[in-house]
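Everything below concerns the one structure shown next.
The values are calculated or read from the model by the stated rules, or taken from the named source; none is laboratory data. Keep in mind it's a predicted model, so treat the numbers as computed, not measured. When we count neighbours, we look across all protein chains shown, and the Cβ atoms used for this are built from the backbone with ideal geometry, even at glycine.
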Amino acid sequence: MDLSSDPTSMLQAPFRIRSEQGFNAWALRLFQLHASENSVYKEFLKCLGIRCSEICDITDIPCLPITLFKQREIRLDGTPQGITFLSSGTTASVPSKHHLPWPELYERAFMSGFERTYGAPSHWRILALLPSYLERGDSSLVFMVDRLIQATGDPLSGTY
């Protein structure tokens, strides 16, 4: 899987998964990609003494501790900056950062999930009550709800 030569194909692949076996194979490919192209994850695996060749099942894929999302920039080396979402956390804590080089991938994921479950957003009116989230321009929830509201095309849809 090579992002530099064909990112579009790689980004379309998750939407073609139709089985648990397909999901597991994709997750293992993503693990291999991050193990080789994500310097923070590569360093994490090295500290744990984990060799990629030993990971054959998705249940064996090591997860990064949340503290690293607060202290380091976790993303594939060489990917575009894209957008960064911050966790809501608590007022006294440092928020976690989630870097998305391709926001359109996130948008396609939640739009297709919405459509699969509820049908087209244009058939809905969305009234989203998100008072504390609206103050933050870096919330993935606000990003998602905003895009869904736009997709309704209904002038009465909105956030409150």
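Assorted remarks:
- Some residue of segment 111-126 being in contact (Cβ under 8 Å) with a residue 40 or more places away in the chain and not aliphatic (A, V, I, L, M): yes
- Residue check, SER19 in the same structural domain as SER112 (by TED's automatic domain parsing), closer than 27 Å to MET111 by Cα and of a type in the set (Gly, Ala, Ser): no
- Taking segment 64-111 as the range and being within 26 Å of LYS46 (Cβ to Cβ) and part of a helix (DSSP H, G or I) as the test, the residues that pass are ILE66, THR67, LEU68, PHE69, LYS70, GLN71.
- Among the residues making up segment 70-103, those that are of a type in the set (A, V, I, L, M, F, W, C), farther than 18 Å from LEU141 by Cα and surrounded by 15 or more Cβ atoms within 10 Å (Cβ to Cβ) are ILE74, LEU76.
- Residues in segment 112-156 that are among the charged types (D, E, K, R) and within 22 Å of the chain's Cα centre (by Cα): GLU115, ARG116, GLU135, ARG136, ASP138, ASP146, ARG147.
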